[in-house]
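Just below is one structure, and these are the notes that go with it.
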């Protein structure tokens, strides 16, 4: 009769810590047990390189689970040391400290995690050391355990075998039985250990009562030899669809030998936002760390999803994420270079999916070009930009126009595009994500292209001034109209320009708009904040409301003699120009538009 001994930890507290704070799910118990089995096999191979490498999963009739490995086993002394002091490593060969990197986990911690789903854990083990007796260890969720040496016959009866190894048997906790169900065990084992370099199999019962072992492990698909590149591409595409749920546009092989890393990056077939953090499937020594591990690649590489395996990256305490250290930083940079080199190759060759890649992932190209000069040069030659002369690349635009004038916002482009196009002025829309920054970088890198933001003077030169006689005939209207729009922070002028259907437009530039925003913020503020904004305000030029003297409605307004209609019509054109520029209407603008329309309708009804 053996005497119960007590664990050297508060078992209930530690299990609660695991379940609610360390691990994301109780299902990791199986990962920990698989790690224990693989580590035991690794330890045995150091003294017996030709030993079999198997982990057998057997759901029991009582709703439990047996996990048996063909590893190094345990002696009674080792069991006392490892299983009574939770957290002690199972790497028990003293002279093998330099080989600790070959192991996946810690036996004590791994076993303890099983108490998240088990009420009782039994271990039967037989060490490979000559003369060692089999042992039987039983641990209970109440914090007690027993340990005894048993006969080889008793060991064979309990495990069904007389070979060295370790068999762990779990009896489920109340309300945790589903974690030990065969379907759940199969799914967890396939997910966590599907790429392990050992034979992990689960016992399956056939309808005729026969049992067989169903192997769950396989070689990583990117390491499998295929008969042709096409076959490999198809296999990797199918693997991506099974893992991530999409058929990739392309596959990028990854290799960082210094950290023992291999893998593949799958290019998304659809566009995704840079703000969405990409997550990757990561294995360490072919054991799954996590299916959604972030920060593996640089931020600009948001257009790929990776599956990688490494022997040197470090996991966090929960072994469900990667530890952020210098090794991970260097790995991230190396993987970024491989993805970047692939991208450069695609953009400079006639790859069949080149056009689709540019259309789908132009944001990724733009993002990388912000800090990579070579990619910046490529971006200028391959990325399509919206311009007033069509959708073309910056290189094509510069050859056509001799210079590059751009707007920093989409609203500015929408405001000037009709007039600029009609007057033959080339303007690039740089209002989308990253575009203004790219223009600034290109301006510094290629000064010969004469790149700068479109200014008010550029637009002024495309407009035709009125003839002296026309100017004189409109003088009264201009004086009165400018007085009516003075409160609107703009100056009104008349010009001839195309298209005739456009009645009015604003001419402005970034500095004018900056000062205008400061004035609006100052007017909406009070006290100290208003005084601070006054310090930033400088002498400014008002933006100009240009009325098209070729437009029939404008001509009618200018030639009219009704002052009330003149003011209402002018303010309506002001709001029209705002809407055409894509500017939001403030409450005051909306009221002014309603009042102007009411005045015009009332006058028309007379």
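How far is helix 510-524 tilted off the main Cα axis of the chain, in degrees rounded to 10, range 0 to 90?
Orientation of helix 510-524: about 80 degrees from the principal axis.
Would you mind calculating the relative contact order of segment 354-459 from Cα pairs under 8 angstrom and at least 6 residues apart, reporting the percent as a whole number? Intermediate values should be presented prior to the final figure.
Numbers: 143 pairs, mean separation 28.0, N = 106.
Worked out over segment 354-459, it gives 26 percent.
By how many degrees, 0 to 90 and rounded to 10, does the Cα axis of helix 435-445 deviate from the longest principal axis of the chain?
The helix 435-445 is inclined about 80 degrees to the chain.
Could you sort 313-326, 393-406, 564-577 so that the peptide with the highest average Cβ count within 10 Å comes first and the rest follow in order? Provide the component values of the computation, followed by the final result.
Working: 313-326: 15.6, 393-406: 18.6, 564-577: 20.5.
Output ranking for 313-326, 393-406, 564-577: 564-577, 393-406, 313-326.
Please give the peptides 205-216, 439-450 ranked by average Cβ packing (other Cβ atoms within 10 Å per residue), highest first, as a rough proxy for protection. If you can, show how the numbers build up before the last one.
Numbers: 205-216: 10.0, 439-450: 14.8.
Per-residue mean Cβ counts within 10 Å order the peptides as 439-450, 205-216.
What full-extension length gain, to one decimal in nm, is calculated for residue 152 and residue 231 as 0.36 nm per residue of separation minus the Cα-Cα distance? Working shown, then result.
Numbers: separation 79, 0.36 × 79 = 28.44 nm, distance 5.06 nm.
Value of the extension gain: 23.4 nm.
Separation between the residue 190 and residue 448 pseudo-spin-labels, each 7 Å from Cα along Cα→Cβ, expressed in nm?
Spacing of the two 7 Å Cα→Cβ label points: 6.0 nm.
Taking 8 Å as the Cα distance limit and 6 or more residues as the minimum spacing, I'd like the relative contact order of the chain as a percentage. It would help to have the intermediate numbers written out before the result.
Details: 1043 pairs, mean separation 47.9, N = 606.
Reported relative contact order: 8 percent.
Determine, for 302, 353, the number of other Cβ atoms within 10 Å of each Cβ, and report the residues in order from fewest to most.
Working: 302 20, 353 13.
Ascending Cβ contact count within 10 Å gives the list 353, 302.
Post the alpha-carbon centroid distance, segment 120-183 to segment 219-251, in whole angstrom.
One Cα centre to the other: 40 Å.
Here are some values of Kirkwood radius over Cα pairs in Å: [x] 25.2; [y] 30.5; [z] 28.7. Which one was computed from this structure?
[y]
What spacing in nm lies between the two simple spin-label points modelled at residue 400 and residue 594, each 7 Å away from Cα in the Cβ direction?
4.4 nm
Please check which bits of segment 542-557 a label hung off residue 460 would reach, taking the label as a point 7 Å along Cα-to-C-beta and the cut-off as backbone N under 18 Å.
It comes to 542-548, nothing else.
Find how much the distance from residue 381 to residue 491 grows on full extension, using 0.36 nm per residue of separation minus their present alpha carbon separation; answer in nm with one decimal.
Numbers: separation 110, 0.36 × 110 = 39.60 nm, distance 4.04 nm.
Going from the current span to full extension adds 35.6 nm.
Round to the nearest 10 and give me the degree value, 0 to 90, for the angle of helix 326-348's Cα axis relative to the longest principal axis of the chain.
50 degrees
With just the Cα atoms defining each centre, how far is segment 45-74 from segment 409-476? Give it in Å.
Cα centres, segment 45-74 to segment 409-476: 74 Å.
Which peptide among 477-485, 287-295, 145-153 comes first, and what is the full order, when sorted by highest mean count of other Cβ atoms within 10 Å?
Result, highest mean Cβ count within 10 Å first: 287-295, 477-485, 145-153.
Please arrange 375, 343 by counting, for each residue, the other beta carbons lying within 10 Å of its beta carbon, fewest first.
Numbers: 375 21, 343 24.
Ranked by crowding around the Cβ, least crowded first: 375, 343.
Give the order of 487, 460, 122, 130 when sorted by the count of other beta carbons within 10 angstrom, beginning with the fewest.
Ascending number of Cβ neighbours within 10 Å: 130, 487, 460, 122.
Run the quick spin-label model on residue 318 and residue 561: label points 7 Å from Cα toward the beta carbon, then report their separation in nm to one decimal.
8.3 nm
When the chain is fully extended, how far beyond the present Cα-Cα distance does residue 351 get from residue 501, taking 0.36 nm per residue of separation?
On the way: separation 150, 0.36 × 150 = 54.00 nm, distance 4.50 nm.
Difference between extended and current length: 49.5 nm.
Rule-based calculations on the coordinates, nothing more; no lab input. In this text the structure is predicted, and so the values were computed from the model without any measurement. Cβ atoms come from the backbone with ideal geometry, glycine included; neighbour counts cover every protein chain shown.
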